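Written out below as C-alpha cells is the structure these notes cover.
We did not get these values from a lab; they are worked out from the coordinates using the rules stated. In this text, all values refer to a predicted model and were calculated from it rather than measured experimentally. Every residue, glycine as well, gets a Cβ built from its backbone with ideal geometry; the counts of neighbours run over all protein chains shown.
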Amino acid sequence: MPLRAPSLLTRSLTICLVMGFSAPAVAAKHAPAPDFAVGTQYDTTHVYVQPADVDAFAASFVATFGGASTKQAVAQVTPTPSSTSTQLIQTPAGTVSLFGFRTGTPWPFGTERTGWLVTDLDKAAAAARADGAEIIVTPFNDPIGRDVVIRWPGGINMQLYSHFTVPNYAKFETLPENRFYISADAVGPFLTAFTRWAHARIVDDNARAPGIEIGRAGETYRRIRLTSKYSRHLVVVTDGHLPYPFGHEMTGYEVKDLDATLNRASGSGAKVLVPAFAGEHRRSAIVEFPGGYIAEIHQPVG
C-alpha cells in the first residue's frame, strides 16, 4: 500500500519537534453557545464601601436616581469565611449590589465590576471559558444562589450568578452602560471573546471620538459601543494617559435631566468630580458618591 505524503500540518509539527520548539496551539472551533442573559434589570454594579459609609451611600444613590433599597442583611457571600452587609439598590437608571465588609474582603472580591444573572451558571461559565475568559473563582453557593467570577481579556472581571428562587424585577426606564477601559493590545481579543459569549452587537466603532469624553479635550480616541441583553457597553481603547477620575467609573447612568440629577447628587452628599460637558450626542458628568464609588451620568442630546 503506497505511503501518503505527510500533510503540511504534519511536516510543520515534525520540524517544530526536531528543532526543539513547542508546537503551535490550534484554536478549537465550536458553535456559539446560547444567550444566557435574563434581562438588564437583573444585572448589577458591585459597589464596595466601608461599613461606616453604607447608609450614606445608599441614601445618596436613591436621592440621586430614585428607587429604593432592599433591607440590609449581614451574610457570607464569598466561598471563604467573611462577613458583609449586603443590599440591593434598585433605581430606574440601574441597580447596585452594595457591600460593606466587616471582615477583610477575600481576594479577588472587590475587583469584579458587575454581577449578571444567567439562566444556567455552569453552562454560562463553561461557555465563557471556551470563548476566551478565565474562571478566577470557581462556582460556589451564597445564601440565595450560586456564583462564579470570570475574567475577560484586558483584565475585565465580572461575577455571574443564579438564584435558587427566580427573581422578578421591574425593567429600567433607561439602560445603564458598562464602561470598559481596555488597551489597544487587548481590545481585539476582548471583543472577539465578549461579543461571542454575550451575543453582543457592535453599533458604533469611532476611531476619532472626541477626547473630551475621557478628559483629553482637543484630542481623539477610539470608542466602541455595543449592545446585548446584558445592557449597553462602551469600550474606551486607551493608552493609559488618563486624567483622574476617568477610568475609575465602571457604569454610566442615563438620565432625562442631567442638571437636576447633579443637583440632587450634590444635595445628598455626592461630589461632582467632572462638571457637565458636551460629548458626542450626550452631556456627561462624573460623580463620586459617599464611600468613594465613582459613576458617569449622562443625558442624550440630539
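Looking at the chain alone, DSSP beta bridges between its own residues are antiparallel in about 75 percent of cases. If R0 is 25 Å, what FRET efficiency do you get for ALA186 and THR70 from their C-beta distance, rounded to 0.05? So the FRET efficiency works out to roughly 0.10.
Look at the alpha carbon pairs under 8 Å that are at least 6 residues apart: their mean separation over the length of the chain gives a relative contact order of 17 percent.
Extension gain ASP142-GLN50, at 0.36 nm per residue separation less the Cα-Cα distance, in nm? Walk me through the intermediate numbers first.
Working: separation 92, 0.36 × 92 = 33.12 nm, distance 2.10 nm.
Gain on stretching ASP142 to GLN50: 31.0 nm.
What length, rounded to one decimal in nm, is gained on full extension from LYS271 through to THR227, with 0.36 nm per residue of separation minus their alpha-carbon distance?
Numbers: separation 44, 0.36 × 44 = 15.84 nm, distance 2.96 nm.
Computed gain between LYS271 and THR227 is 12.9 nm.
Counting other Cβ atoms within 10 Å as a rough exposure proxy, the listed residues SER85, SER231 run SER85, SER231 from fewest neighbours to most. What shape does the stretch 83-192 take by its C-alpha gyration tensor, where a ≥ b ≥ c are the square roots of the eigenvalues and a/c under 1.5 counts as rounded, a/b above b/c as prolate, and the rest as oblate? Because its axes are fairly even, with a/c under 1.5, the stretch 83-192 counts as rounded.
The label-point distance for GLU219 and LYS123, in a model that sets each label 7 Å from Cα toward Cβ, rounds to 4.5 nm. In this simple spin-label approximation, VAL301 and ARG283 carry label points 7 Å from Cα along the Cα→Cβ vector, and these lie 0.7 nm apart. Only Lys, Arg, Asp and Glu carry charge here, each on its Cβ (+1 for the first two, -1 for the last two); on that basis the chain has a dipole of about 700 debye about its Cα centre. Here LYS171 is the anchor, and the lysines within straight C-alpha reach of less than 16 Å, apart from those fewer than 8 places off in the same chain, are LYS229. In the list (1) 1.02; (2) 1.04; (3) 1.12, the label attached to Rg/Rh (Cα atoms, Kirkwood Rh) as derived from the coordinates here is (2). With neighbours defined as other Cβ atoms within 10 Å of a residue's Cβ, the residues HIS248, HIS241, HIS233 order from fewest to most as HIS241, HIS248, HIS233. For GLY279, the residues whose amide H sits under 5 Å from its own are SER284, ignoring neighbours fewer than 5 places away on the same chain, with H placed 1.01 Å from N. Residues of the stretch 261-284 falling in the label zone of ALA63, defined by backbone nitrogen less than 13 Å from a point 7 Å along Cα to beta-carbon, are 262-272. Listed peptides 45-51, 161-167 appear in the order 45-51, 161-167 once ranked by packing, highest mean of other Cβ atoms within 10 Å at the front. Spin-label model, ARG102 to ALA207: label points 7 Å out along the Cα-to-beta-carbon direction sit 5.5 nm apart.
Rounded if a/c is under 1.5, else prolate if a/b is larger than b/c, else oblate: which is the stretch 124-262, with a ≥ b ≥ c the root eigenvalues of its Cα gyration tensor?
Details: a/c = 2.05, a/b = 1.36, b/c = 1.50.
Oblate is the answer for the stretch 124-262, as a/c is 1.5 or above yet b/c matches or exceeds a/b.
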